[in-house]
Amino acid sequence: MKSRNMAVISCLSAVCVCAGMRCVALVLKVVLSLLGSEMIVAQLWCPEVCSCAAGVVDCSKRGLTTASLPSSFPPHTTALQLNDNHLTALPHGLLDSLPALRRAALHGNPWSCDCGILYLRGWLLKQSNPASIQNASCSSPAHLRGRLLVFLSEQELLDSCRYWLCNLALASQISLFIFITVQVLLLASVILFLRRFELLSREARHAAAEDDATQNNECVMLKDRSL
């Protein structure tokens, strides 16, 4: 009886071990499939100009400008490397669709600290990672060059916008003045040409009239001699 019970217990233990191994294998299979699907999704979302791996999107040293910057990144991005490009600003809302983003490398870009940089400044102010906050500095305008973007006041950026608008208005006025000057010179040239043409026409008509008179006089003189 004892030996039979021991055999039953051994069988049950073996079944439990087998079931446990099957459960572990099943869990591992599910985990691997989920990881594989996440990797596939990440690769599908990864921009062509960047490389993506384990939540890190590397777009550094790609010669990117604000115009050529990808419009979206994988939703599970935890680190975004945009350093050493030619970025002057980030499009509004670009980073809002990345809730898992914890670090952004922004150094090595010629950030233009005017009203176009307000979005990036607002995003940086919400971050708790010092590395993200302290690696974005202004390249222009000249009076803000070298200043950390996050430490600029909104008024300073708005003043830079006003300076930019004033410069644009001044450039527009200068362009308009040059355009009007060119038009005046062209009009004056046309008027001088027409007057010159009219004078030459008068001289030509006068010369033709003199030639006709001379020919008529010669004809009269020939007739008189013949008589």
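Quick note: the coordinates plus some simple rules give every number you see, no bench work behind them. Everything quoted here is computed from the prediction, not taken from an experiment.
Observations on the model:
- In order along the stretch 133-147, phi translates into HN-Hα couplings of 6, 9, 10, 10, 10, 6, 9, 8, x, 4, 6, 10, 4, x, 6 Hz, rounded to whole numbers, per the Karplus curve 6.51 cos²θ - 1.76 cosθ + 1.60 with θ = phi - 60° and x for Gly and Pro.
- Leu64 long-range amide H proximity, modeled H, under 5 Å: His86
- For the stretch 100-110, 3J(HN,Hα) per residue [Karplus equation, 6.51 cos²θ - 1.76 cosθ + 1.60, θ = phi - 60°, Hz, x = Gly/Pro]: 8, 5, 10, 8, 9, 8, 10, 6, x, 10, x
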